[in-house]
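Engineer: First the structure, then my questions, so here it is.
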Amino acid sequence: MTNSIRDLLRQDADRVEIPTVDAGEVIAQGEQRLHRRRITAVLASVAAVAVIVVGGTVAGSVQHQSEGPVDKPNENKTNQTDDVQTRRLTYAVGSTIHWGDSAIDVGQAVQAVGATDDGVVFVRGDKACPYDVACRTLWFTDGAEPVRIGTVAGNWIRGFGVSLASAGSTVAWSESETGEYVVYDTSLRHEVGRFGSDRSTLLAVGDRSVYWVPDERQCVEFDGQCMRYTDPIMRFDVTTGQQTTVPWESYWATRRSWSRTLMSPPHGEEISDASGTHVVRPPHADPSLNDKYSFRLEGTRLLGDDRGVEVSVRLAQTGQPLQVRMPAGYPSGSYFGITQWLDDNQVVMWSEDGSLLVCPVPDGRCRTVVKHGGIISFAGRG
Amino acid sequence: MVVRKSREATDFTEFMSARSATLFRTAYLIVGDHQLAQDLLQESLIKTYVAWPRLRDVSSAEAYTRKTIVTTAISWRRRRSFHERPTDVLPDTAVPDPGEAVTTHASMVAQLRTLPPRQRAAIVLRYYEDLSEAQTAEVMGCSVGTVKAQVSTGLGRLRDRSGANLDTAPLDDEAVNS
């Protein structure tokens with residue numbers, strides 16, 4: 001049977017239902033961005049005058065670090081073995097956020113929720129209004145009256161684009177009007193810095209530092225995926241607000257030193273499946289480091305899922321493979337994903353049926369703690 | 001807040017009314033999800049509105065929006081890879097068993113959705129939008145050689161996974177460019 005790719009695409013496109021796009025909403029959001037740009041331009045011109053007055057002192061605020069991990073290994077609170085903080089299990093059902101033993105009613109349906117060491121960050125509202133500012137407003141509560149902390153660029157469809165440090169108090173997100181990244185400290189209850197543009201991308205959000213790339217388009221691609229960014233990496237210091245360019249090697253060393261970091265796969269790792277043996281990532285790929293991963297159950301084994309490719313997942317600090325075991329009853333092919341770290345030794349896994357499981361790492365047996373838990377993360381479709 | 005002249009807003013609204021359906025179809029083929037495509041189109045139209053005074057005519061506006069759809073779709077995919085993955089809804093993309101060489105329309109479309117975003121975008125631009133390799137490279141912001149590689153790899157994967165005889169007769173670039 002011979003198919004024309006052109007005909008297949010046309011048939012698929014002709015079949016799809018065409019939605020109505022609200023011109024008024026598009027224009028209103030466009031005007032918001034233009035308004036913000038005008039304000040930013042005015043502020044930039046004022047700042048330029050300030051730079052001239054201050055002279056060379058500002059130039060010293062951006063430094064170049066040449067070697068070694070930028071953050072001390074114990075920067076991450078989780079490395080302090082005498083004071084390991086256990087985070088509270090966090091999820092939402094309807095308008096109620098469950099934060100450990102606390103049940104916090106926030107008045108409207110929760111669209112996404114995540115925890116820091118100090119409380120919960122969430123978006124609430126009706127899913128029928130993904131573009132309304134009210135449905136993209138980011139809130140924080142520690143059980144008291146929620147406070148508004150910002151507006152995110154994303155929405156529940158594409159994902160809100162909110163990143164929470166797996167330990168500590170740092171939250172970062174891409175802002176709606178400017179495309180800038182905003183960094184917020186939930187222990188201080190205020191914004192601590194902003195940087196970048198809608199071309200920038202975050203690589204890691206730690207307790208005391210945020211790593212990012214100014215222009216995500218500058219990358220070396222392999223098989224349609226970005227394997228290595230060619231621009232230097234930037235480090236934002238949450239405590240001082242200082243920006244520093246750092247070598248990639250330094251970033252990798254620092255990120256590996258964080259205890260709640262996972263890694264997959266080592267450079268050029270080979271995997272085998274029904275269709276043969278493949279090199280998952282080419283030798284020029286940067287290490288894949290993250291605090292969260294998706295997994296697919298294959299028989300009794302949980303295989304990491306790196307953009308559709310099965311990979312082994314290891315604890316970055318020790319190199320131990322992550323081999324947690326699921327309770328009986330989940331069919332092969334079920335999907336799971338890490339939603340939060342409770343401490344250095346326990347992660348919370350989400351399952352397709354909405355249940356939450358607590359899994360001892362690296363190789364413990366998971367136990368179901370919530371059945372059909374509902375909304376648990378800041379991710380979206382796609 | 002200074003609002004743009006009503007004439008510009010009217011022109012933009014007319015452009016949207018006339019071209020939204022076509023642009024939505026392109027967005028849908030690239031991301032393979034109805035709601036995500038709607039979101040992608042909305043975002044791209046907002047960016048077009050912001051750039052509107054620089055776009056001299058409707059064809060420029062459509063080309064700009066199409067380019068924005070492609071670059072934004074790729075950008076979203078890249079960003080997601082470093083953030084949380086799990087969703088509170090099941091993914092739409094079904095992955096057929098590669099062992100079953102069933103060449104149905106549905107399975108081929110599903111296979112297309114499993115391709116990396118740049119391969120998918122290159123195939124959609126070449127075979128749905130009928131753009132030349134040079135035009136596709138312009139929209140994707142890459143070289144002609146990269147477009148050739150993306151299309152070739154993507155089609156190769158579709159053939160391998162579906163076991164189908166895929167008619168991928170290349171377009172006549174000269175005719176398209178003329």
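The values are calculated or read from the model by the stated rules, or taken from the named source; none is laboratory data. As the structure is a prediction and not an experimental result, all values here were calculated from the model. Here the Cβ is made from the backbone with ideal geometry for all residues, glycine too, and neighbour counts use every protein chain on show. Accessible surface is based on the protein model in full, side chains and every heavy atom, while ligands, DNA and RNA are left aside. Shrake-Rupley method; radii C 1.70, N 1.55, O 1.52, S 1.80 Å.
Engineer: Out of the range A:99-118, which residues are open to solvent by 30 Å² or more (accessible area, probe 1.4 Å), touching a Ser or Thr at 6+ places or on another chain (Cβ under 8 Å) and part of a strand (DSSP E or B)?
Structural biologist: A:Ala103, A:Asp105
Engineer: Also: Hey, B:Ile69 hits all of (1) at pLDDT below 90; (2) open to solvent by less than 50 Å² (accessible area, probe 1.4 Å) but one; which does it fall short on?
Structural biologist: (1)
Engineer: Over 18 Å from the mean Cα position of the chain (by Cα), within 14 Å of another protein chain (Cβ to nearest Cβ) and under 23 Å from A:Arg88 (Cβ atoms): which single residue out of A:Ala109, A:Ala115, A:Ala165 fits that description? Walk me through it before giving the result.
Structural biologist: Working: A:Ala115 fails: over 18 Å from the mean Cα position of the chain (by Cα); A:Ala165 fails: over 18 Å from the mean Cα position of the chain (by Cα).
A:Ala109 is the lone residue from the list that is over 18 Å from the mean Cα position of the chain (by Cα), within 14 Å of another protein chain (Cβ to nearest Cβ) and under 23 Å from A:Arg88 (Cβ atoms).
Engineer: Determine whether the range B:128-141 contains at least one residue that is closer than 16 Å to B:Leu23 by Cα, open to solvent by 20 Å² or more (accessible area, probe 1.4 Å) and more than 10 Å from chain A (Cβ to nearest Cβ). Steps first, answer last, please.
Structural biologist: Filtering the range B:128-141 for residues closer than 16 Å to B:Leu23 by Cα gives B:128-131, B:136, B:139-140.
If we keep only those that are open to solvent by 20 Å² or more (accessible area, probe 1.4 Å) too, we end up with B:128-131.
Next cut, more than 10 Å from chain A (Cβ to nearest Cβ) only: B:131.
Yes, the conditions are met somewhere in the range B:128-141.
Engineer: Could you please find all residues in the range A:334-349 being at the interface with another protein chain (Cβ under 10 Å from one of its Cβ atoms) and open to solvent by 20 Å² or more (accessible area, probe 1.4 Å)?
Structural biologist: Once the filter is applied, which keeps residues that are at the interface with another protein chain (Cβ under 10 Å from one of its Cβ atoms) and open to solvent by 20 Å² or more (accessible area, probe 1.4 Å), the range A:334-349 yields only A:Tyr335.
Engineer: While we're here: Can you name the residue in the range A:233-247 that is outside any strand (DSSP E or B) and crowded, with 16+ Cβ neighbours inside 10 Å and is also modelled with the lowest pLDDT among such residues? Let's see the steps before the verdict.
Structural biologist: Applying the first criterion (outside any strand (DSSP E or B)) to the range A:233-247 yields A:238-242, A:247.
Right, trim to crowded, with 16+ Cβ neighbours inside 10 Å and you get A:238, A:247.
Numbers: A:Val238: 97, A:Pro247: 91.
Going through the qualifying residues, I end up with A:Pro247.
Engineer: Report, by residue number, each residue of the range A:248-262 that is assigned to a helix (DSSP H, G or I) and either in contact with a Pro (Cβ under 6 Å, 6 or more places away or on another chain) or small (Gly, Ala, Ser) (or both). Break it down into steps so the answer makes sense when it comes.
Structural biologist: Kept after step one, since they are assigned to a helix (DSSP H, G or I), are these residues of the range A:248-262: A:248-257.
Those that are assigned to a helix (DSSP H, G or I) and either in contact with a Pro (Cβ under 6 Å, 6 or more places away or on another chain) or small (Gly, Ala, Ser) (or both): A:Ser250, A:Trp252, A:Ala253, A:Thr254, A:Ser257.
Engineer: Exactly one of (1) surrounded by fewer than 21 Cβ atoms within 10 Å (Cβ to Cβ); (2) within 14 Å of another protein chain (Cβ to nearest Cβ); (3) at pLDDT below 80 is unmet by A:Arg281. Its number?
Structural biologist: (1)
Engineer: Based on this model, can you work out whether A:Thr178 counts as part of a loop (DSSP other than H, G, I, E, B), among the polar types (S, T, N, Q), surrounded by 15 or more Cβ atoms within 10 Å (Cβ to Cβ) and touching a Ser or Thr at 6+ places or on another chain (Cβ under 7 Å)?
Structural biologist: Values: part of a loop (DSSP other than H, G, I, E, B): yes; among the polar types (S, T, N, Q): yes; surrounded by 15 or more Cβ atoms within 10 Å (Cβ to Cβ): yes; touching a Ser or Thr at 6+ places or on another chain (Cβ under 7 Å): yes.
The answer is yes for A:Thr178.
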